[in-house]
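*Asks:* If you scroll down you'll find the structure; I have some questions about it.
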Amino acid sequence: MPRFKLLVEYAGTRYSGWQIQKNARTVQGEIDRAIRAVVPRAAFDLYGAGRTDAGVHALAQVAHLDLHTTLAPDTLASRLNDELPSDINILTATRVPHRFHARHDAVARSYLYQIATRRTAFAKPFVWWVREDLDVAAMRSAAQALVGTLDFRSFTDDDPDEKSTRVAIDEVAVQAVAGFVLVRVVGSHFLWKMVRRIVGVLAEIGRGGLPVDAAGRFLHEPSRLPARLTAPASGLFLERVFYEGDVRDWPLRPATGGLSAGDLPLHSRAAVSIL
């Protein structure tokens, strides 16, 4: 049976995450439906590189599809897109060896979070607007304590007795760009709500509500405070999934159109000019 590697982008606003669920609309469920429409009665298996939660978006989710079909990969992608809603798009489909596995072969994942530094009429589903000016330098300094193989139990609802809460984080970058404060987190894998809680803690430090060393302290002193600071799903994007040999050096830039500094209210420009 041929195996296809799918690169998928989607706006997660209308979906209850990636994975198929009973009585809920999901991204995987929509792709499943499209496959059945394009290749009726064909047996197939579809696996994603990772789950995204309700409301979370993806710039380049990876999935593999085992499907009996004579369609060329480009034709398959085009026909699937004809059946998919406009907020889900198959970017590419390529034939891959059967040993390739979208999830098991992934060596790292990158998430991007967009904090808007001004109120926006158009980008609300894709940002978290923080009203207060953010000290980006303080956020960046705090982020360095989160790099390494560390225990993120304070940043997740996963049970440490049932699942390890240690995660290898390669990078936590914070940068002000075009009306956003962007946070990129790159790691081996991620726990439930982990990235959103990292962002929430960093934003609270940027506001001045927590000291810079708070992020590091939460790694050594379990706390429920990161749960109360969880950033909304709207600003979170699965940015990339990495496999052996993939290049990881790429610019940090908004997933959606920039909010230019010239358009910002005066009280917000300080946040943009920090960098």
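The values are calculated or read from the model by the stated rules, or taken from the named source; none is laboratory data. Bear in mind that the values here come from a model prediction, so they are computed numbers and not experimental data. Quick reminder, even Gly has a Cβ in these numbers, built from the backbone with ideal geometry, and neighbours come from all protein chains shown.
*Asks:* Residues being within 26 Å of Ala24 (Cα to Cα), assigned to a loop (DSSP other than H, G, I, E, B) and polar (S, T, N, Q): count how many of those fall in segment 52-106.
*Replies:* Going through segment 52-106 one residue at a time, the tally reaches 2.
*Asks:* Further question: Going through Arg103, Arg109 one at a time, which residue ends up being touching a Gly at 6+ places or on another chain (Cβ under 9 Å), under 23 Å from Thr13 (Cβ atoms) and of a type in the set (D, E, K, R)?
*Replies:* Details: Arg103 fails: under 23 Å from Thr13 (Cβ atoms).
Step by step, each of Arg103, Arg109 is checked, and only Arg109 is touching a Gly at 6+ places or on another chain (Cβ under 9 Å), under 23 Å from Thr13 (Cβ atoms) and of a type in the set (D, E, K, R).
*Asks:* List the number of the failed condition for Phe237; all other conditions in (1) at pLDDT 95 or above; (2) in a loop (DSSP other than H, G, I, E, B); (3) touching a His at 6+ places or on another chain (Cβ under 9 Å) hold.
*Replies:* The number of the failed condition is (2).
*Asks:* Just to check your reading of the model, which residue among Ala49, Ala58 is at pLDDT 95 or above, more than 18 Å from Ser234 (Cα to Cα), surrounded by 20 or more Cβ atoms within 10 Å (Cβ to Cβ) and not assigned by TED's automatic domain parsing to the domain that holds Thr230? Spell out how you get there, then give the answer.
*Replies:* Working: Ala58 fails: more than 18 Å from Ser234 (Cα to Cα).
The conditions single out Ala49.
*Asks:* Okay, moving on. Looking at this structure, is Ser164 polar (S, T, N, Q) and either on the phi > 0 side of the Ramachandran plot or in contact (Cβ under 8 Å) with a residue 40 or more places away in the chain (or both)?
*Replies:* Values: polar (S, T, N, Q): yes; either on the phi > 0 side of the Ramachandran plot or in contact (Cβ under 8 Å) with a residue 40 or more places away in the chain (or both): no.
So Ser164 fails the test.
*Asks:* Ala34 passes all but one of (1) in contact (Cβ under 8 Å) with a residue 24 or more places away in the chain; (2) out of contact with any helix residue (DSSP H, G or I) (no Cβ under 7 Å at 6 or more places or on another chain); (3) assigned to a helix (DSSP H, G or I); which number fails?
*Replies:* (2)
*Asks:* Also: Inspect all residues belonging to segment 68-76 and state whether any of them is surrounded by 21 or more Cβ atoms within 10 Å (Cβ to Cβ) and not assigned by TED's automatic domain parsing to the domain that holds Gly187.
*Replies:* Narrowing segment 68-76 to residues surrounded by 21 or more Cβ atoms within 10 Å (Cβ to Cβ): 76.
This time we only want the ones that are not assigned by TED's automatic domain parsing to the domain that holds Gly187, so: 76.
Yes.
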